[in-house]
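Below is one structure, written out as C-alpha cells, with a few remarks after it.
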Amino acid sequence: MGCTDMMKECRDYIDSHLESELSAMELAKRYHYSYYHFCRIFQISNGMSLASYIREKRLELAAEKVKKGTGIFEAALEVGFETPSGFVKAFKKKFGCTPTEYLKMQACGIGGVQMEEPKFVELGPIRVLGHSCGSDKKELDGAQDGAYWFREKGSGEKQKHHHGHMDENTVKIGLWLKEPDAQGNLSYFFGKKLEADQTGPEGLDVITIPAAEYAVFTTRPLDTTLEEGHKAFAESIRETWKYIYEDWLETSGYDLDEEGYDFEYYDARCKDKHASCMDIYIPVRKHK
C-alpha cells in the first residue's frame, strides 16, 4: 500500500474511532511504521500533526453532538477531553466562541453553518485579475479546501492570503481552477473582480467565470478580534461548503451546473472585524 492510500485509510480509521483511545504509537504499529516515520509521514501528508488532526476531528464531533442535544461536558468526555476547561479553550480556539455561545446560536438558527435558504441570482461573465497558487491536490474536499487562503503549515506557522485593502467597492474572488497542471494537480486562483472596462497590470492573469444562475450562501458573522479569529472565519467558510455539498444540494431541487465555477466572494464585510462574513456562489440548474 502506498503512502497516499495508507494515509487515507488511516484518516478513515481515526474518524471512525474518535471516541476511543488513539495513540501515535498504536497507529504506527497498525500501519507497520516506526513511531518516528509514521509521525513524519502524517505531518507531511496532512499538513498538521497527528495530535492536531485528532483534536480537530474530536472538536467537530463534539460540536455535532452538542447540536443534537448532548450536554456540553458530556460531549467533551465522550470524545476524549479530560477536563471541561481544556475542552472550552480548544472549542473557542477552533470555532471562535464557547460551547454555550455555540449552542445559543444553534437555537437561534445562526450556528456554524448556513441555516437560511440561499438567495438566487443570475450573473453575466465575471473577469478576475489575480494569480494562481499551486497545490498537491488532485481532488477537492469542500470542507477542507474552502478558504484556501488560510492554511496551517507545520506546528503553528500559518500562511494567510492577505485580502489587502477592502473598501466598499472592492470585491475579491477565490476559486479552484478546473484544468490540472502537468502533474495532475489543481490550482487555486485568487484575485480582484474587474469591471467591464478595466484592465490589469502585466504579470497577473485574468480568468473569466462564465455566466450562470447562482445559489448564494452567506457565512455567519464572526468576531475576528478574538484570539484565533481568522482561523474561526476560515472554519466557518469550510463548514458552509460542507453544508452546501452534503446537505443542501441533496434536497434543494437543484443540480450543480458543471459548466460553471463555484467561488468565494469577499467584499468589505470580511474586513468588519466584529462581524466578518462572506458569500459562496454555487452555479445551479433546476432539476429537469
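The values are calculated or read from the model by the stated rules, or taken from the named source; none is laboratory data. On a predicted model such as this, the values are computed, not experimentally measured, just so you know. Don't worry about glycine lacking a Cβ; one is built from the backbone with ideal geometry, like all the others, and counts go over all protein chains shown. SASA here: full protein model, heavy atoms, side chains in, ligands and nucleic acids out. Shrake-Rupley method; radii C 1.70, N 1.55, O 1.52, S 1.80 Å.
Test LYS57 against the stated conditions and say whether it is under 24 Å from TYR148 (Cβ atoms), touching a Leu at 6+ places or on another chain (Cβ under 7 Å) and not aliphatic (A, V, I, L, M). So LYS57 fits the description; yes.
Evaluated against (1) surrounded by 11 or more Cβ atoms within 10 Å (Cβ to Cβ); (2) in a loop (DSSP other than H, G, I, E, B), VAL206 falls short on exactly one condition, (2). Scanning segment 1-42 for residues that are in a helix (DSSP H, G or I), hydrophobic (A, V, I, L, M, F, W, C) and exposed (fewer than 13 other Cβ atoms within 10 Å of the Cβ) returns a single hit, MET25. Taking every residue in segment 207-225 that is touching a residue at least 24 places away in the same chain (Cβ under 8 Å) and over 15 Å from LYS242 (Cβ atoms) and pairing it with any residue that is open to solvent by less than 50 Å² (accessible area, probe 1.4 Å) and of a type in the set (Asp, Glu), at least 6 positions away or on another chain, the pairs with Cβ-Cβ distances below 6 Å are ALA212/ASP257; VAL216/ASP279; THR218/ASP279. Of the residues making up segment 76-88, those that are without any contact (Cβ under 8 Å) to a residue 40 or more places away in the chain and either in a helix (DSSP H, G or I) or under 10 Å from PRO99 (Cβ atoms) (or both) are ALA76, LEU77, PRO84, SER85, GLY86, PHE87, VAL88. Within segment 124-147, the set of residues being open to solvent by less than 60 Å² (accessible area, probe 1.4 Å) and either out of contact with any Ser or Thr (no Cβ under 8 Å at 6 or more places or on another chain) or at pLDDT 90 or above (or both) comprises GLY124, ILE126, VAL128, LEU129, GLY130, LYS137, GLY142, ALA143, ASP145, ALA147. Considering segment 251-279, and only residues there that are in contact with an Asp or Glu (Cβ under 7 Å, 6 or more places away or on another chain) and within 16 Å of LYS119 (Cα to Cα), the residue that is most open to solvent (accessible area, probe 1.4 Å) turns out to be TYR265. Please tell me if PHE73 is aromatic (Phe, Trp, Tyr), open to solvent by less than 40 Å² (accessible area, probe 1.4 Å) and either within 22 Å of GLU235 (Cα to Cα) or part of a helix (DSSP H, G or I) (or both). No: the conditions fail for PHE73. Being closer than 16 Å to TYR148 by Cβ, modelled with pLDDT of 90 or more, of a type outside the set (A, V, I, L, M) and touching a Leu at 6+ places or on another chain (Cβ under 6 Å) is a property that TYR261 has. Within segment 240-249, the residues that satisfy the criterion of being surrounded by fewer than 18 Cβ atoms within 10 Å (Cβ to Cβ) and more than 18 Å from GLU213 (Cα to Cα) are GLU246, ASP247. Selection within segment 44-56: residues that are open to solvent by less than 40 Å² (accessible area, probe 1.4 Å) and assigned to a helix (DSSP H, G or I). The member of this set that is modelled with the lowest pLDDT is ASN46. Restricting the first member to segment 1-15 and to residues that are farther than 13 Å from ALA28 by Cα and in contact (Cβ under 8 Å) with a residue 40 or more places away in the chain, and the second to residues that are open to solvent by less than 70 Å² (accessible area, probe 1.4 Å) and of a type in the set (D, E, K, R), the beta-carbon pairs closer than 9 Å and six or more apart or on different chains are ASP15/LYS57. Criterion first (surrounded by fewer than 15 Cβ atoms within 10 Å (Cβ to Cβ) and either more than 19 Å from PHE95 (Cβ to Cβ) or under 17 Å from the mean Cα position of the chain (by Cα) (or both)) does THR225 satisfy it? Criteria not met by THR225. Report whether or not GLY191 is open to solvent by less than 60 Å² (accessible area, probe 1.4 Å), touching a Lys or Arg at 6+ places or on another chain (Cβ under 9 Å) and at pLDDT below 90. Taking the combined requirement at face value, the residue does not satisfy it. Candidates in segment 76-95 are the residues that are in contact with a helix residue (DSSP H, G or I) (Cβ under 8 Å, 6 or more places away or on another chain) and β-branched (Val, Ile, Thr); of these, the one that is least open to solvent (accessible area, probe 1.4 Å) is VAL79.
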